[in-house]
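> Could you have a look at this structure, given as structure tokens, before my questions?
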Amino acid sequence: MKLFRSLFSSPGCDEAKAQATTPNPSTHGPTPKLEPPPANAVPAATAEPAPEEPKQAPGPTCVGDTVTCPEGARLQAKVEGRYVTVLRLDGKLVCIDAICFHAGGPLGIGDIEEVNGRKCIVCPWHFYKIDVESGDKYYQTMEFKEGKMQAGEWKSNGVRQRTHKAWEEGGKIYVQLTTYERRPSHADYVESDGYAFDEKCGDRCLNSPPSANKLKVHSVGADGRKPSGQVLRGQYHT
Ligand code: FES
């Protein structure tokens, strides 16, 4: 796809067109003197401006080989300048913005926890839990029970982190971004768009040591607390 685009947008095509329409003085003789138009000449009709060509989104980007992302592993990638993390959880590939919407933390290297049966990636900075499939940010309510405040159910604050499409084909893993705009319009804006291209933040994920990408899956109990340091499922991967 990139090759296709580059063929049709390469400066070489424009240069070729410019050469074909520019007369060569050495083969066309002296330049004829231009007479000014008569005073009563009717000005030529103004040409309609050419309609703006629709912006064409880049196609899928290969971010790695299937073998580099087995079950429980993850890939850190930079696609069209945007930092993303691809994870394979329960055999399914998911892709999410690598930089946390909250304050630019390295969300992409966070642990995985299950909240309400949903897989969430936990930001290492302030421990926000983000649904890896939907981008929802979850929080836990507090309820007044038996005379004291207690942790209640988990709810969503809405989608705060942008997710993308990821799949494999022919032994390769591909990502298709859900936006290619650096500043999407208000209707399409997701909070993580604000940090998505920040090199300082993104490089924390991209250059993270293999140990930072080890998968640790915890479950959050009904009381909202995860078992202390207990790894419930999954292996360490690099
Ligand atoms: S930067 Fe604060 S939770 Fe991620």
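> Restricting attention to region 95-108, which residues are of a type in the set (Val, Ile, Thr) and farther than 9 Å from residue 121 by Cβ?
From region 95-108, those of a type in the set (Val, Ile, Thr) are 96, 99; that's our starting set.
Selection gives 99 alone.
> Looking at region 62-155, what strands (runs of 3 or more DSSP E) fall wholly within it and have at least 1 residues that are under 19 Å from the mean Cα position of the chain (by Cα) and either within 22 Å of residue 179 (Cα to Cα) or more than 16 Å from the ligand (Cβ to nearest atom) (or both)? Steps first, answer last, please.
Details: elements: 74-79, 82-89, 92-97, 111-115, 118-122, 129-131, 136-145.
Ranges flagged: 74-79, 82-89, 92-97, 118-122, 129-131, 136-145.
> Take residue 115 and decide whether it is over 22 Å from residue 204 (Cβ atoms) and of a type in the set (Val, Ile, Thr). Full working, then the answer.
Details: over 22 Å from residue 204 (Cβ atoms): yes; of a type in the set (Val, Ile, Thr): yes.
Criteria met by residue 115.
> Now a separate question. Return the only residue of 174, 195, 189 being in contact with a helix residue (DSSP H, G or I) (Cβ under 6 Å, 6 or more places away or on another chain) and of a type in the set (Phe, Trp, Tyr).
Working: 174 fails: in contact with a helix residue (DSSP H, G or I) (Cβ under 6 Å, 6 or more places away or on another chain); 189 fails: in contact with a helix residue (DSSP H, G or I) (Cβ under 6 Å, 6 or more places away or on another chain).
Of 174, 195, 189, the one residue that is in contact with a helix residue (DSSP H, G or I) (Cβ under 6 Å, 6 or more places away or on another chain) and of a type in the set (Phe, Trp, Tyr) is 195.
> Being touching a strand residue (DSSP E or B) at 6+ places or on another chain (Cβ under 8 Å), surrounded by fewer than 16 Cβ atoms within 10 Å (Cβ to Cβ) and at pLDDT 95 or above is the requirement here; does residue 158 meet it?
For residue 158, the condition - touching a strand residue (DSSP E or B) at 6+ places or on another chain (Cβ under 8 Å), surrounded by fewer than 16 Cβ atoms within 10 Å (Cβ to Cβ) and at pLDDT 95 or above - is met.
The values are calculated or read from the model by the stated rules, or taken from the named source; none is laboratory data. Remember, it's a predicted structure, so these values are computed and weren't measured experimentally. Neighbour counts run over all protein chains shown; Cβ positions are idealised from the backbone, glycine included.
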